[in-house]
1. Output the residue which, of all residues in region 94-119 that are assigned to a loop (DSSP other than H, G, I, E, B) and crowded, with 16+ Cβ neighbours inside 10 Å, is nearest to the chain's Cα centre (by Cα).
2. Could you run through region 93-128 and say how many residues are free of Cβ contacts under 8 Å to residues at least 12 places away in the same chain and among the β-branched types (Val, Ile, Thr)?
3. Hey, among the residues in region 29-42 that are under 14 Å from the mean Cα position of the chain (by Cα) and in a helix (DSSP H, G or I), which one's modelled with the lowest pLDDT?
Amino acid sequence: ESLKINRMFVCLKSSTKPQLDKNPRCSEEDLNQAVNTTDKLLVIHTDPGCPNCPPFMSVIEEMFSERPDVVYAELSSRFQSCDKLAQKLSLTGTPTVVFYNHGREAGRYSPVNRSEQELKTDLLKLVS
C-alpha cells in the first residue's frame, strides 16, 4: 500500500487535503517515517498569527497539489505536538520550508519579501 501521509501524520497535508484533527499526532517517529518513505517531501512550519503563512500555503497548494512527485506538509504551531516537533527541527520563523530529498534534508527556505512569482521560482529550484 502506498503511504498516505495525511492519514498517518495528521498535521501533514497531501493533495487529498484532509480535515485537520483537533488534536493531531505530530511525532518525530511519524516525521522520520514520512521522510524515509517519500522521495520529495516539503515540511512547512506555519503559525496561526503569521500573516504570511496563509498566502504562502496557497502558493504551495497551487504548485504541488497536482504533482504526485512532491508531498507537502504543514506543521502548524497551533497544535502543541506540532510546535514541539518544529522546535526539535530548529524551526523558529514562519513560514519556513524544510525540503527532504530521498530521506535527507536537502534545503531550507524562509521567504521574506518575495512576490508570488519569486516564491514559485524559489520553490521550483528547491525541489528540482
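1. PRO95
2. Residues flagged as free of Cβ contacts under 8 Å to residues at least 12 places away in the same chain and among the β-branched types (Val, Ile, Thr) within region 93-128 amount to 2.
3. In this case the residue turns out to be ASP30.
Residue-wise test of (1) closer than 21 Å to ARG104 by Cα; (2) touching a residue at least 24 places away in the same chain (Cβ under 8 Å); (3) among the charged types (D, E, K, R); (4) surrounded by 13 or more Cβ atoms within 10 Å (Cβ to Cβ).
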| position | (1), (2), (3), (4) |
| --- | --- |
| LEU31 | yes, yes, no, yes |
| LEU41 | yes, yes, no, yes |
| GLU62 | no, no, yes, no |
| GLU66 | no, yes, yes, no |
| ASP69 | yes, yes, yes, no |
| PHE79 | no, yes, no, yes |
| LEU85 | yes, yes, no, yes |
| LEU91 | yes, yes, no, yes |
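The values are calculated or read from the model by the stated rules, or taken from the named source; none is laboratory data. Just so we're clear, the structure is a prediction, and the values are computed from it rather than from any experiment. Cβ coordinates were reconstructed from backbone atoms using ideal geometry, including for glycine residues, and neighbour counts include every protein chain displayed.
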